[in-house]
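Beneath this line is the structure, given in structure tokens, with notes to follow.
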Amino acid sequence: MFRSKSAWFSGSVSQACQNFWISEGGIIACWRKADYLFSEDATCPDTLRIFESKDYLWNRVVVFHCLFLSTCEKRQSVKSVSIGHYVLPPASVQDEVRNVVGRFIWECEDEQSVAQASPESFRCQTEDERSEGEISRKYSKPSDTNSSESKEPLCGPLWDYPTSNMLTGYISMDNLQKYSGDLRDFHPSSLSSALCLQLIMAQENLSVVLHSKGDLRLENRPVPEPGPNEVLLQMHSVGICGSDVHYWQHGRIADFVVTKPMVLGHEASGRVVKVGSAVKHLKVGDRVAIEPGVPREMDEFFKNGRYNLSPTIFFCATPPDNGNLCRYYTHSANFCYKLPDNVTFEEGALIEPLSVGIHACRRAGVTLGSTVLICGAGPIGLVCLLVAKAMGASKVVITDLSSERLTMAKELGADFQLTVKRGDVPQQLAKTVEDMLGTQPQITIECTGVESSIQTGIYATHAGGVVVLVGLGNEMATIPLINAAVREVDIRGVFRYCNTWPMAIAMLASGKVNVKPLVTHRFPLEQAVQAFETTRQGLGIKVMLKCDQNDQKP
Amino acid sequence: ASVIQRLFVFGLCLSASSSAFCLQLSVFSSSWRRKISPWCCTPKETSGWKIDPSRSQDLMRFCCRCTLLESVGQTVHYWQHGRIADFVVTKPMVLGHEASGRVVKVGSAVKHLKVGDRVAIEPGVPREMDEFFKNGRYNLSPTIFFCATPPDNGNLCRYYTHSANFCYKLPDNVTFEEGALIEPLSVGIHACRRAGVTLGSTVLICGAGPIGLVCLLVAKAMGASKVVITDLSSERLTMAKELGADFQLTVKRGDVPQQLAKTVEDMLGTQPQITIECTGVESSIQTGIYATHAGGVVVLVGLGNEMATIPLINAAVREVDIRGVFRYCNTWPMAIAMLASGKVNVKPLVTHRFPLEQAVQAFETTRQGLGIKVMLKCDQNDQKP
């Protein structure tokens, strides 16, 4: 039966099975070279090694349950035994597979029991019945069995797959080459394991694409293939940033102009589904947060640790680089950071705005005991607030035009809130801040970009202190430069961030910072335009897009 | 000698109507009194030296043999305008703060100085041990005493008392005039420190007046590999070249800042990491910002208008820091070391000398922008450098 076929057997497989194989003309080979791999237990160490190997990840090998051989022995036939039913998934995804296909065939109570006809019943049919059903259905190959039995419904939605050209799962032994593609009908798209990648590739990669100013479209794009140092990610949660909305509305930010269609999105997290050949620190199934800025060359900026300033840096959703508001996305593995189990995908996506806060507070020198003024209580002001308090700032004053935003700021830890209005005199506001705090703040983090607010920040800051400019306003600004200069108040800008993800993950994992209240709206990817509209109107704080159809959880 | 003939244009003290002109002289001999100018206020007649009871406990009294140097910007400005920003001359004030002298009397608690010691004077003496002082940035202390900043008196006189902790003994090979020049040199040291000048730095200095020149001297001494210096006057740039500038760029009013920045980049082969802006002119500050390399620093030494319009976003998104300087702190020991070792030569900066009796002429010379540093010699018996 198995003449000139080679197989590898896990230590978990009984000797009887192996003897059967040999008695039928089969050869024993090492697992990398064998035509078939048989195991009884997915958690057995030698089987685990296979599941973690690169060959497995690249769909070069599939492991089968050795019940296949027992069934072949019982029936004295291989052609009637559809090997596809016996694919043994890794233990980590078996639950997912069970959710879709019901119990595995080797988990049925009794091979001899006959399933009672009942459309609602969720039981396994015997292998005999199933194979008969298949044969009568599709293939006209000669069968060794009777075909008189009625078609019983199989357990689970095995027959209800979305793909229209689905096969029944029967794979002729003659066609057994590297057969992963033919197994796709048993592994519907919901399985995020390596086994279903072929199906994935045939399906859509729905992406949010900005074609030109005002023209935002949802369209399918090809699923990219990761390079040696990249990973392919199934995107899970992507936040919408003000810059995404700005590109949508204006088609440009400063010198960055949208000249060809560009995928938006840069605040993201996802799951690894494929790993490049040189990647060592990540594996399939890992949950990661994505750092969108990846330097392209090892220039002086990179060598000095300030790669955010590298002129040729790749950056998601900054023209002409594509973003990650889609279902599948490849990224440099060195800029994907594994999330601990207690950090959710949404927290992972929020690491990007949190990084702006970390970089700003670092540039400002916030430390234990600092007194800080934060101008602006939008998302950026709020993350700066969270980070400043976490870094040990003793007192933080926060200002905004909107008292509602200040209420949220208070909930997130602001010590003092100051509602300002247009037309307020900067020097007077500075005095009010000083009166509130009891002293002038050592640090001001300016998050609005509004000229009068920058002026307030300068007047307010203690001599020898620092004003950090996060908010971006007009190219030319009129400011009390001498006031800052003779009091040695430094003025420092920030551009994105560098070296922040590890710190952010540590802060989130330890619970030192709670970013969950920042997410106020959620939309599935299909409703991206609505999500963008919500952000554009300034509703809420952070709008999250959920890109995984099967997992819309935070 | 040729240095003296050069003409220099100074930034700050330009045409202005002279307002409150106050110059009070401590007078010790009748012969001297005859030479007092008609504008002088009530001369004080003493037989010895004057003690100011408001000084701190460890005051030391100076002999009258002061060698004095007039700060171009500040002192002449007070003379011409009666104020600088919020510092207003409301009562008679002695001018002068760039000074050196010889100890003639020592307070009871003073241990590290003795009569006869030659010292340089640090004019800024904090009055209280506040947070600034404790953190080493005493230059920012709000109640600091500072020579010749109203209402504090300066040391343009024959005898002067000062906190002994802020008088620094001069080594034998450092002249009095070099000692007096430590004050402007300190501006350069503080500016270069705030800028982070170090070995290999590329520096742009805007302005080749006295302050630009001391910044140049210090930057090269700190190891800057290449220094570009700009000025309206090509003559000043020639002096800058003699003092060590690698590149000189003559600019003119109306030059476009971005273009100047490009020219600087082309000259240096790269954008400078550091710009030290010594003019206070708005367009020059703009040039400095455009010219500086991303991640670099622009230090503002020159003081201009209260409100300035600058390309703030250009600086912000390239993380070009903007840092001002206010006077200096902790610079005298470093300056003395640099002068004693010969690492820095400030002697070419002195272009004019006048005896104290000819103070008004000396001021007039400075006001007209002649020379670099005008020296007043306060010791009748020792007019040497």
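Brief remarks on what is shown
- Among (1) open to solvent by less than 10 Å² (accessible area, probe 1.4 Å); (2) outside any helix (DSSP H, G or I) - the single one residue A:485 does not satisfy: (2)
- The residues listed here are B:244, B:209; of these, the one that is more than 14 Å from chain A (Cβ to nearest Cβ) and at positive phi is B:244.
- Residue list for segment A:20-76, restricted to those being farther than 13 Å from residue A:10 by Cα and in contact with a Cys (Cβ under 7 Å, 6 or more places away or on another chain): A:69, A:70
- Number of the condition not met by residue A:501 [criteria: (1) open to solvent by 20 Å² or more (accessible area, probe 1.4 Å); (2) of a type outside the set (D, E, K, R); (3) more than 7 Å from every other protein chain (Cβ to nearest Cβ)]: (1)
- Enumeration of residues in segment B:245-260 that are open to solvent by less than 80 Å² (accessible area, probe 1.4 Å) and in contact with a Leu (Cβ under 9 Å, 6 or more places away or on another chain): B:245, B:246, B:247, B:248, B:249, B:250, B:251, B:260
- Against the test of being at pLDDT 95 or above, of a type outside the set (Asp, Glu), surrounded by fewer than 22 Cβ atoms within 10 Å (Cβ to Cβ) and closer than 22 Å to residue B:324 by Cα, the options A:456, A:439 yield a single qualifying residue, A:439.
- Some residue of segment B:337-345 being within 19 Å of residue B:276 (Cα to Cα), away from chain A (no Cβ under 14 Å) and crowded, with 17+ Cβ neighbours inside 10 Å: yes
- Unique match (being within 23 Å of residue B:158 (Cα to Cα) and in a loop (DSSP other than H, G, I, E, B)) among B:361, B:380: B:380
- Leading residue by the ranking (nearest to residue A:324 (Cα to Cα)) among those in segment A:250-283 that are among the small types (Gly, Ala, Ser) and in a strand (DSSP E or B): A:268
- Elements of the type helices (runs of 4 or more DSSP H) sitting completely within segment B:250-322 and holding at least 3 residues that are facing chain A (nearest Cβ under 7 Å): these cover B:312-317.
- Residue in segment A:434-451 that is of a type in the set (D, E, K, R) and at the interface with another protein chain (Cβ under 9 Å from one of its Cβ atoms) present: yes
- Subset of segment A:402-453 that is touching a residue at least 60 places away in the same chain (Cβ under 8 Å) and part of a helix (DSSP H, G or I) - its residue that is farthest from residue A:378 (Cα to Cα): A:437
- Of the strands (runs of 3 or more DSSP E) that lie entirely inside segment A:306-399, those containing 2 or more residues that are open to solvent by less than 10 Å² (accessible area, probe 1.4 Å) and outside the structural domain of residue A:205 (by the TED database) span A:371-375.
For (1) of a type in the set (A, V, I, L, M, F, W, C); (2) modelled with pLDDT under 95, each residue gets a yes or a no:
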residue	(1), (2)
B:124	no, no
B:144	yes, no
B:151	no, yes
B:159	no, yes
B:168	no, no
B:171	no, no
B:174	yes, no
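- As a summary of the residue check, residue B:217 satisfies the conditions (1) free of Cβ contacts under 8 Å to residues at least 40 places away in the same chain; (2) open to solvent by 10 Å² or more (accessible area, probe 1.4 Å) except for the one numbered (1).
Rundown of residues vs (1) more than 19 Å from residue A:518 (Cα to Cα); (2) assigned by the TED database to the domain that holds residue A:443; (3) surrounded by fewer than 22 Cβ atoms within 10 Å (Cβ to Cβ); (4) touching a strand residue (DSSP E or B) at 6+ places or on another chain (Cβ under 7 Å), yes/no style:
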site	(1), (2), (3), (4)
A:403	no, yes, yes, yes
A:415	no, yes, yes, yes
A:426	yes, yes, yes, no
A:429	yes, yes, no, no
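- Residue tally, condition facing another protein chain (nearest Cβ under 7 Å) and open to solvent by 30 Å² or more (accessible area, probe 1.4 Å), over segment A:460-473: 2
The values are calculated or read from the model by the stated rules, or taken from the named source; none is laboratory data. As the structure is a computational prediction, the values presented were derived from the model and not from experiment. Methodologically, a virtual Cβ is constructed for each residue, glycine included, from the backbone with ideal geometry; neighbour enumeration extends over all protein chains shown. SASA here: full protein model, heavy atoms, side chains in, ligands and nucleic acids out. Shrake-Rupley method; radii C 1.70, N 1.55, O 1.52, S 1.80 Å.
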